[in-house]
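The values are calculated or read from the model by the stated rules, or taken from the named source; none is laboratory data. The structure displayed is predicted, hence computed values, not measured ones. Every residue, glycine as well, gets a Cβ built from its backbone with ideal geometry; the counts of neighbours run over all protein chains shown. Accessible surface areas use protein heavy atoms only, side chains included; no ligands, DNA or RNA. Shrake-Rupley method; radii C 1.70, N 1.55, O 1.52, S 1.80 Å.
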Amino acid sequence: MKLILLGAPGAGKGTQAEILGRKLGIPTISTGNILRTAVKNGTEVGKRAKAFMDAGKLVPDEVILDILEERLAQSDCAQGYILDGVPRTIAQAEALEARGIVFDHVISLEISDEEIVKRMDGRRVCSHCGTPFHVESKPPKVDGVCDACGSALMEREDDKPETVRHRLEVYHQETEPLKEFYARRGKLASVPGNLGTIEDTTRAIEQVLGA
Ligand code: AMP
């Protein structure tokens, strides 16, 4: 099973990818998480990406495609994977297609910009493994501590309201055209990202997957 989760920043891609990955027994690949780790570790990729990320801009396609190439070559991807936050441009989608990768489903999580700005305020992520939390809709069992690995939770630098607004503009301009790209290939399904609970959204996605 190869899946893409599309959607604005904060639409719930990371949360749904984590749940679905566990259920389906396939890894989630989040280029955002990979890049945040690279920035934290001060690698060459991290140094290149940091300014783009802090400004809410997209990291250049060639950097993303190198990261993805390396990650998809790992053995845990052999049975499939869920892409979270990638592809984010038509050029990235075309590059995946040129590699012969065919996706089973592309799920677009739909949610309004106003709701995103509200949501991002309460978002927290694990500083070590990237697992996402939310102070209201998905609080950790212990305040400030990741349920998955026990590391400290943090607020993302790029979740500040003004950066979120810029990221939304980038999403509409650069990423939203991917909906048409995959619709033309008969792969796109849209799921409301604000159905109520996190589980309601998971169920709606599972219906699309026929799971
Ligand atoms: P995310 O965690 O997916 O919201 O990504 C955080 C930031 O990492 C984005 O705002 C971009 O700066 C960068 N990024 C992550 N994935 C991509 C991608 N596929 N293409 C370009 N930039 C990306």
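Kindly indicate the residue of segment 17-43 that is of a type in the set (V, I, T) and away from the ligand (no atom under 16 Å from the Cβ) and also nearest to L3 (Cα to Cα) among those meeting that condition. By that ranking, first place goes to I26.
Taken together, M1, M53 contain a single residue that is in contact (Cβ under 8 Å) with a residue 24 or more places away in the chain, open to solvent by 40 Å² or more (accessible area, probe 1.4 Å) and either out of contact with any Pro (no Cβ under 6 Å at 6 or more places or on another chain) or of a type in the set (V, I, T) (or both), which is M1.
Can you find even one residue in segment 69-79 that is free of Cβ contacts under 8 Å to residues at least 24 places away in the same chain, out of contact with any helix residue (DSSP H, G or I) (no Cβ under 9 Å at 6 or more places or on another chain) and of a type in the set (S, T, Y)? Yes, the conditions are met somewhere in segment 69-79. Taken over segment 4-34, residues that are under 12 Å from the mean Cα position of the chain (by Cα) and either open to solvent by less than 50 Å² (accessible area, probe 1.4 Å) or not acidic (D, E) (or both) amount to 21. The numbered conditions (1) modelled with pLDDT of 95 or more; (2) among the polar types (S, T, N, Q); (3) under 22 Å from Q16 (Cβ atoms); (4) open to solvent by 20 Å² or more (accessible area, probe 1.4 Å) are all true for S75 except (3). Criterion applied to E180, E155, E162, E176 was being more than 15 Å from the ligand (Cβ to nearest atom) and of a type in the set (D, E), and the one residue passing it is E180.
Of the residues R119, R156, R123, R167, the single one that is in contact with a His (Cβ under 6 Å, 6 or more places away or on another chain), touching a residue at least 24 places away in the same chain (Cβ under 8 Å) and basic (K, R) is R123.
Within segment 94-106, the only residue that satisfies the criterion of being in a helix (DSSP H, G or I) and open to solvent by less than 10 Å² (accessible area, probe 1.4 Å) is L96.
Out of curiosity, is D61 under 22 Å from L153 (Cα atoms), near the ligand (Cβ under 9 Å from one of its atoms) and under 17 Å from the mean Cα position of the chain (by Cα)? No; evaluated as a whole, the condition is false for this residue. On the basis of being within 11 Å of the ligand (Cβ to nearest atom) and open to solvent by 70 Å² or more (accessible area, probe 1.4 Å), does K47 make the cut? Criteria not met by K47.
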